[in-house]
Amino acid sequence: MEKAYNHKETEDKWYSFWEKNKFFTPNLNSKKPPFSMVIPPPNVTGSLHMGHALNNTIQDIVARYKRMKGFEVLWLPGTDHAGIATQNVVERELAKEGLTREELGREKFIERVWKWKEEYGNRIIYQLKKLGSSCDWTRERFTMDGGLSLAVKEAFIRLWNDGLIYRGDYIINWCPRCKTALADIEVESSQENGKLYYIRYPIEGEKEYLTVATTRPETMLGDTAIAVNPGDERYLKYHEKYAILPLVGRRIPVITHPYVEEEFGTGVLKITPAHDFNDFEIAKSCNLPAIKVIDEEGKMTREAGEFEGLDRFSAREKIIEALREKGLFERTENYEILLGRCYRCKTVVEPLLSKQWFVKTKPLAEEALKAVQEGKTVFIPEMWTGGYYHWLNNMRDWCISRQIWWGHRIPAYYCSDCGNIMVRKTTPKKCNNCKSERIKQDEDVLDTWFSSALWPFSTLGWPKKTKDLKIFYPTSLLVTGFDIITFWVARMMMMGLYIMKEVPFRKVYIHALVRDATGQKMSKTKGNVIDPLDMVEKYGTDALRFTLTAMTAQGRDTKLSEERIEGYKHFINKIWNASRFIFTAGKPSEDGFQPLTIEDKWILTKLNETIEKTERALEKYEFNIYAQEIYNFLWKEFCDWYIEIAKYHIYKGDEEKCKNTSNILLYVLEKFLRLSHPVIPFITEEIWNRIPENFKSNRKSIMIADFPQKDEYEFKTEAEVFEKIKKIVTTIRNIKSDYNIGEEREIFCKIWASENIGKEINKVLYIISHLTGANAEVICEKPTKDILNTVIREVDDMAVGINIEGLIINRENEIKKAQEALKKAEEELSFLMKKLSNENFISKAPEEVIRKTEMEAGLLSERIKVLQEKIKILSEMKG
RNA sequence: GGGCGGAUAGCUCAGCGGGAGAGCACCUGUCUUACACGCAGGGGGUCAGGCGUUCAAAUCGCCUUCCGCCCACCA
């Protein structure tokens, strides 16, 4: 074995070994209970980032763990066609050739996107494999593949037939750059500096005017009313009157509406039904017309008169200028406005009246809410449930039509003669109303999230009644980030319940965001991105996976830095070297391991405890605790103590014990490897394959071995005694360090302990000698004599003494140290005594706590006596 | 404006009722026959502030301050 672990030589080798052996593919005829997950499909345009790395590491840990626990596991992978994102990428590519998609035409453009997908779309799949993801690649899906397209049509038709999809003229969010409608959640709102403009609207037939405050003066050209609060006394006399819209000259009514706030601005609100959500609602209830003054490109329309063709922002300037000239502009005021931007391209979104398709969400949302309230689906951590409820309770209807080309085309057909709408899987030959043959399909495509919402069952074969669907739906677990709870999780819940009559997943584990070391979001523009594939290259997949796992506490964002990954690479290397020692120095035999010494019993007990804690952590999705347990056991217990003691038996002990120890080393290592395989699959497989056959259960891969179980034996008492021995060793090392005692000096160590414990320690004095270089003996009585020439330290209810005669020591210093220790001990004792003399404490605290406190107090007064004695002797010596 | 999270060692975080822990960083010693990606030792904290509940509070409740996030139709 090489001196250091080389991840480059092992990782790809094992991944293809697993794949070739079909370990990722479940057996449908198995009697094992099923466990299923669908991957959150990354965008085909995507490249693996740390968020993906965390997301897939967690899923892979669960998948591997469940497989080893005896489940028939399906982890179904795939990618998302990502409508706008992908279209943007290909359009950019076209732009380099000096082309636009319009010039190319719809069909050619879509061909081009498919070509792009074939060429580059597999990049992210390759990257997921580099991460070790144990997905069943034989079932890989794409949201635009044949089966999923069929599922989309089928779902659309069902919703339409049930009256849950409708088409109509409504105000929607429009991105003038992407030239498409957006759903409410596709708009990112941000507080930005803006202005409030005060504009005068003359009253018809009077010399007076009403002043309106607006943040968007360019929309005034589309005003069809101005409104005041009905109770606003300042404006009572204007009720029922008309105003003349400046610059346009249109006669518009002054209406009253309770929505208008008296305190805001002037208390007069302009109503622009075609470009504002609230105005649209008010206009609907008051039967006001809507006039569109901004078009789909963000330019002023013909209705804008002299401003026609201007961009909406330059129109704003021009309009203010024109008003100023007419004396109708009052003033501006700095004002923080809420601005909506497109989540894809960050362009300021324009609320626009337009004809779109909508899903009626209320009945669907009610079911989705109920299912979580009834515990049919559980969020982990639970805190995310609140956000889910809030969103479902407040959502407007979902605008699902997009005016782009890449996506699922809406399966609706229009008769060009009578306007009849037909919703079908295929193009109808003639109109079912007027028999006309002039049939046209709707130009729009569906929101990408519409197909994503069907993902948990469409990928399993729906609408066909497949065996996959029967076995694996509902899926067991969904692992995803909090940022798409609304985009995706809630919509899968709605669609799953509507179509399958059953929740899409039993549990949803929501993980945090991976940030950089200073807590900033990673982004290309900030230049603080840590590329997971760079990290894999430099430190290995296992190191990256372990780091992400160790740092992912529930409900908290993860701050990641390269140094962390490097640090955990050291841990991976530690496993390698411990194994190397075990394989090269040990002399295992076929005889098992009896009899056991105290350190054997201790490490086996520790192993048992670790298995128990590890399994509990995994069942509760506490991945950081899982990682921490593995780390501590291997390094802090197994390597630091057991292997160090094992060296005694291997290099200095008798042959029998050497064999015995070698066997235990292998036994513990083998179990440890299985325990940690879910998080660090590559190194565990590599080492496991080097373990002698009789220590493994006849499997050809650790991947398909069983997750370790606790052994039946219990050595609790021995393990406790061993912990005392550890403390004695540490104390001797402390003294050596404090008094600068080097290896050349012969050390005599006395250990004072009770008879019971002393007997046990006596049997294994070689441990103490081996680990400290001291000649040790056990004395079963209280330490009173020899204080002068001996440093004495208390260890629990024991004491350790080391000879220091002949060593040059600073008496002043010794006295000072002793006095400080005495002071501290006295303070602590007085605190404990106060507690013990408190009647309430004695009567109300549990027995156990009282006993513990009494014991500590006893120990402390012993310690105080010794310290006092020590100070006395040292002071007398001075003269 | 509404909601959610966080504030504990220099940094990142565990602990969530019985007188504070880890990893990293730092300091000291050490290339000892698995590993210097190592070994041994060490320093370092009024657990954000205040009030309350309790025999007992980092831990439970309330308030304040500061950070982060989500949602939102006062133009």
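The values are calculated or read from the model by the stated rules, or taken from the named source; none is laboratory data. Just so it is clear, the structure is predicted and the values come from calculations on it, not from any experiment. A quick note on method: Cβ atoms are made from the backbone with ideal geometry, for glycine too, and the neighbour counts reach across all protein chains shown. For accessibility, only protein heavy atoms count, side chains too; no ligands or nucleic acids. Shrake-Rupley method; radii C 1.70, N 1.55, O 1.52, S 1.80 Å.
Here's the yes/no breakdown for (1) touching an Asp or Glu at 6+ places or on another chain (Cβ under 9 Å); (2) more than 25 Å from A:Phe71 (Cβ to Cβ); (3) open to solvent by less than 50 Å² (accessible area, probe 1.4 Å):
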| site | (1), (2), (3) |
| --- | --- |
| A:Ala490 | no, yes, yes |
| A:Val503 | no, no, yes |
| A:Ile510 | no, no, yes |
| A:Arg515 | yes, yes, no |
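Can you name the number of the only condition in (1) over 21 Å from A:Val795 (Cα atoms); (2) within 45 Å of the chain's Cα centre (by Cα); (3) more than 8 Å from RNA strand B (Cβ to nearest atom) that A:Arg851 fails?
Failed condition: (1).
Across the stretch A:537-562, what is the number of residues that are acidic (Asp, Glu), more than 11 Å from RNA strand B (Cβ to nearest atom) and buried (at least 16 other Cβ atoms within 10 Å of the Cβ)?
1
Name the helices (runs of 4 or more DSSP H) wholly within the stretch A:753-853 that hold at least 1 residues that are exposed (fewer than 15 other Cβ atoms within 10 Å of the Cβ) and at pLDDT 85 or above? Give the derivation first.
On the way: elements: A:755-763, A:765-772, A:811-837, A:839-844.
Qualifying helices (runs of 4 or more DSSP H): A:755-763, A:811-837, A:839-844.
When both residues are 6+ apart or on different chains and their Cβ atoms are under 8 Å apart, which pairs have a first residue that lies in the stretch A:206-222 and is near RNA strand B (Cβ under 7 Å from one of its atoms), and a second that is among the basic types (Lys, Arg)?
Qualifying pairs under 8 Å: A:Thr214/A:Lys270; A:Thr215/A:Lys195; A:Arg216/A:Arg316.
Check every one of the helices (runs of 4 or more DSSP H) wholly within the stretch A:77-194 and list those with 3 or more residues that are among the β-branched types (Val, Ile, Thr), surrounded by 22 or more Cβ atoms within 10 Å (Cβ to Cβ) and touching a helix residue (DSSP H, G or I) at 6+ places or on another chain (Cβ under 9 Å).
Working: elements: A:83-96, A:101-104, A:106-120, A:123-130, A:146-161.
Correct list: A:83-96.
In the stretch A:402-425, which residues are over 24 Å from A:Leu454 (Cα atoms) and either in a loop (DSSP other than H, G, I, E, B) or open to solvent by less than 10 Å² (accessible area, probe 1.4 Å) (or both)? Reasoning before the result, please.
Initially, the stretch A:402-425 is screened for residues over 24 Å from A:Leu454 (Cα atoms), giving A:414-421.
Passing the criteria: A:Cys415, A:Ser416, A:Asp417, A:Cys418, A:Gly419, A:Asn420.
Within the stretch A:493-524, take every residue that is part of a helix (DSSP H, G or I) and in contact with a Leu (Cβ under 6 Å, 6 or more places away or on another chain) and give me the one that is nearest to RNA strand B (Cβ to nearest atom).
Keep residues of the stretch A:493-524 that are part of a helix (DSSP H, G or I), which gives A:493-500.
Right, trim to in contact with a Leu (Cβ under 6 Å, 6 or more places away or on another chain) and you get A:494-495, A:498.
Values: A:Met494: 16, A:Met495: 20, A:Tyr498: 22 Å.
Filtering the stretch A:493-524 for residues that are part of a helix (DSSP H, G or I) and in contact with a Leu (Cβ under 6 Å, 6 or more places away or on another chain), the one nearest to RNA strand B (Cβ to nearest atom) comes out as A:Met494.
Residue by residue, here is whether (1) part of a helix (DSSP H, G or I); (2) more than 16 Å from RNA strand B (Cβ to nearest atom); (3) open to solvent by 20 Å² or more (accessible area, probe 1.4 Å) holds:
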| position | (1), (2), (3) |
| --- | --- |
| A:Ile643 | yes, no, no |
| A:Ser662 | yes, no, no |
| A:Pro678 | no, yes, no |
| A:Phe682 | yes, no, no |
| A:Asp706 | no, yes, yes |
| A:Tyr713 | no, yes, yes |
| A:Val721 | yes, yes, no |
| A:Lys726 | yes, no, yes |
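Scan the stretch A:223-281 for residues that are of a type in the set (A, V, I, L, M) and in contact with a Gly (Cβ under 8 Å, 6 or more places away or on another chain) and jot them down. Talk me through it step by step, then tell me what you get.
From the stretch A:223-281, those of a type in the set (A, V, I, L, M) are A:225-228, A:236, A:243-245, A:247-248, A:252, A:254-255, A:260, A:268-269, A:271, A:274; that's our starting set.
Result: A:Val228, A:Leu247, A:Val248, A:Val260, A:Ala274.
From A:Thr138, A:Thr100, which residue is without any contact (Cβ under 8 Å) to a residue 12 or more places away in the chain and among the β-branched types (Val, Ile, Thr)? I'd like the intermediate steps shown before the answer.
Numbers: A:Thr138 fails: without any contact (Cβ under 8 Å) to a residue 12 or more places away in the chain.
Just one listed residue meets the conditions, A:Thr100.
Tally the residues that are touching a Phe, Trp or Tyr at 6+ places or on another chain (Cβ under 9 Å), within 7 Å of RNA strand B (Cβ to nearest atom) and open to solvent by 10 Å² or more (accessible area, probe 1.4 Å), restricting the search to the stretch A:563-579.
4
Do we have A:Thr597 as closer than 19 Å to A:Thr661 by Cα, open to solvent by 40 Å² or more (accessible area, probe 1.4 Å) and hydroxyl-bearing (Ser, Thr, Tyr) here? Reasoning before the result, please.
Values: closer than 19 Å to A:Thr661 by Cα: yes; open to solvent by 40 Å² or more (accessible area, probe 1.4 Å): no; hydroxyl-bearing (Ser, Thr, Tyr): yes.
In short, no.
What residue, of A:Glu263, A:Glu281, is within 44 Å of the chain's Cα centre (by Cα), acidic (Asp, Glu), more than 7 Å from RNA strand B (Cβ to nearest atom) and at pLDDT below 90? Reasoning before the result, please.
Numbers: A:Glu263 fails: more than 7 Å from RNA strand B (Cβ to nearest atom).
Within the list A:Glu263, A:Glu281, the selection yields A:Glu281.
With the condition kept exactly as written, say whether any residue in the stretch A:553-565 is hydrophobic (A, V, I, L, M, F, W, C), outside any helix (DSSP H, G or I) and farther than 30 Å from A:Lys763 by Cα. Walk me through how you get there before you give the answer.
If we filter the stretch A:553-565 for residues that are hydrophobic (A, V, I, L, M, F, W, C), which is where we start, we get A:553, A:560, A:565.
Next, only the ones that are outside any helix (DSSP H, G or I) stay: A:553, A:560.
After this cut, where a residue has to be farther than 30 Å from A:Lys763 by Cα as well, the list is A:553, A:560.
Within the stretch A:553-565 (the criterion being hydrophobic (A, V, I, L, M, F, W, C), outside any helix (DSSP H, G or I) and farther than 30 Å from A:Lys763 by Cα), the answer is yes, since at least one residue qualifies.
Sort out which residues of the stretch A:728-765 are within 16 Å of RNA strand B (Cβ to nearest atom) and hydrophobic (A, V, I, L, M, F, W, C), and write them in order of number.
Here is the first cut: in the stretch A:728-765, the residues within 16 Å of RNA strand B (Cβ to nearest atom) are A:728-745, A:747, A:749.
Passing the criteria: A:Ile728, A:Val729, A:Ile732, A:Ile735, A:Ile741, A:Ile747, A:Cys749.
Could you list all residues from the stretch A:333-368 that are of a type outside the set (D, E, K, R), over 27 Å from A:Glu91 (Cα atoms) and either within 15 Å of RNA strand B (Cβ to nearest atom) or at pLDDT below 90 (or both)?
Correct list: A:Asn334, A:Tyr335, A:Ile337, A:Leu338, A:Thr361, A:Ala365.
Look at A:Ile582 and say whether it is closer than 25 Å to A:Val729 by Cβ and either within 12 Å of RNA strand B (Cβ to nearest atom) or small (Gly, Ala, Ser) (or both).
On the way: closer than 25 Å to A:Val729 by Cβ: yes; either within 12 Å of RNA strand B (Cβ to nearest atom) or small (Gly, Ala, Ser) (or both): yes.
So A:Ile582 passes the test.
Only strands (runs of 3 or more DSSP E) wholly contained in the stretch A:320-396 count here; list those with 3 or more residues that are surrounded by fewer than 18 Cβ atoms within 10 Å (Cβ to Cβ). So that I can check it myself, show each step before the final result.
Details: elements: A:329-342, A:350-359, A:378-380.
In the stretch A:320-396, the matching strands (runs of 3 or more DSSP E) lie at A:329-342.
Any residue in the stretch A:1-28 that's closer than 16 Å to A:Ser701 by Cβ and within 16 Å of RNA strand B (Cβ to nearest atom): show its pairings with residues that are among the small types (Gly, Ala, Ser) and open to solvent by less than 50 Å² (accessible area, probe 1.4 Å) at Cβ separation under 8 Å, as long as the two are six or more apart or on different chains.
Pairs found: A:Glu11/A:Gly132; A:Glu11/A:Gly540.
Condition first: in a helix (DSSP H, G or I), within 10 Å of RNA strand B (Cβ to nearest atom) and open to solvent by 10 Å² or more (accessible area, probe 1.4 Å). Now tell me which residues in the stretch A:622-638 satisfy that.
In the first step, residues of the stretch A:622-638 are kept if they are in a helix (DSSP H, G or I); the result is A:623-638.
After this cut, where a residue has to be within 10 Å of RNA strand B (Cβ to nearest atom) as well, the list is A:624-625, A:628, A:631-632, A:634-636, A:638.
Of everything in the stretch A:622-638, those that are in a helix (DSSP H, G or I), within 10 Å of RNA strand B (Cβ to nearest atom) and open to solvent by 10 Å² or more (accessible area, probe 1.4 Å) turn out to be A:Asn624, A:Ile625, A:Gln628, A:Tyr631, A:Asn632, A:Trp635, A:Lys636.
Among the residues of the stretch A:452-467, what is the count of those that are part of a helix (DSSP H, G or I) and either within 16 Å of RNA strand B (Cβ to nearest atom) or under 28 Å from the mean Cα position of the chain (by Cα) (or both)? I'd like the intermediate steps shown before the answer.
Step one: of the stretch A:452-467, the residues part of a helix (DSSP H, G or I) are A:452-453, A:455-458, A:467.
Restricting the remaining residues to those that are either within 16 Å of RNA strand B (Cβ to nearest atom) or under 28 Å from the mean Cα position of the chain (by Cα) (or both) gives A:452-453, A:455-458.
Selection size over the stretch A:452-467: 6.
Run down A:Lys606, A:Lys657 and say which single residue is away from RNA strand B (no atom under 15 Å from the Cβ), more than 27 Å from the chain's Cα centre (by Cα), at pLDDT 90 or above and within 25 Å of A:Lys763 (Cα to Cα).
Numbers: A:Lys657 fails: at pLDDT 90 or above.
So the residue among A:Lys606, A:Lys657 that is away from RNA strand B (no atom under 15 Å from the Cβ), more than 27 Å from the chain's Cα centre (by Cα), at pLDDT 90 or above and within 25 Å of A:Lys763 (Cα to Cα) is A:Lys606.
Give the residue that is modelled with the lowest pLDDT, with candidates limited to residues of the stretch A:42-76 that are of a type outside the set (A, V, I, L, M, F, W, C) and assigned to a loop (DSSP other than H, G, I, E, B). Please lay out each step first, then the result.
Taking the stretch A:42-76 first, the residues of a type outside the set (A, V, I, L, M, F, W, C) are A:42-43, A:45-47, A:49, A:51-52, A:55-57, A:59-60, A:64-67, A:69-70, A:72.
Pick out the ones that are also assigned to a loop (DSSP other than H, G, I, E, B) and you get A:42, A:45-47, A:49, A:69-70.
Working: A:Pro42: 91, A:Thr45: 85, A:Gly46: 80, A:Ser47: 84, A:His49: 86, A:Lys69: 95, A:Gly70: 95.
Taking the candidates together, the pick is A:Gly46.
Is it the case that A:Lys430 is free of Cβ contacts under 8 Å to residues at least 12 places away in the same chain and either more than 26 Å from A:Met492 (Cα to Cα) or of a type outside the set (Lys, Arg) (or both)? Steps first, answer last, please.
Values: free of Cβ contacts under 8 Å to residues at least 12 places away in the same chain: yes; either more than 26 Å from A:Met492 (Cα to Cα) or of a type outside the set (Lys, Arg) (or both): yes.
Yes; evaluated as a whole, the condition is true for this residue.
Could you tell me whether the stretch A:395-410 includes any residue that is more than 30 Å from A:Glu297 (Cβ to Cβ), within 15 Å of RNA strand B (Cβ to nearest atom) and in contact with a helix residue (DSSP H, G or I) (Cβ under 9 Å, 6 or more places away or on another chain)? Outline the logic, then answer.
If we filter the stretch A:395-410 for residues that are more than 30 Å from A:Glu297 (Cβ to Cβ), which is where we start, we get none.
No; the residues of the stretch A:395-410 include none that is more than 30 Å from A:Glu297 (Cβ to Cβ), within 15 Å of RNA strand B (Cβ to nearest atom) and in contact with a helix residue (DSSP H, G or I) (Cβ under 9 Å, 6 or more places away or on another chain).
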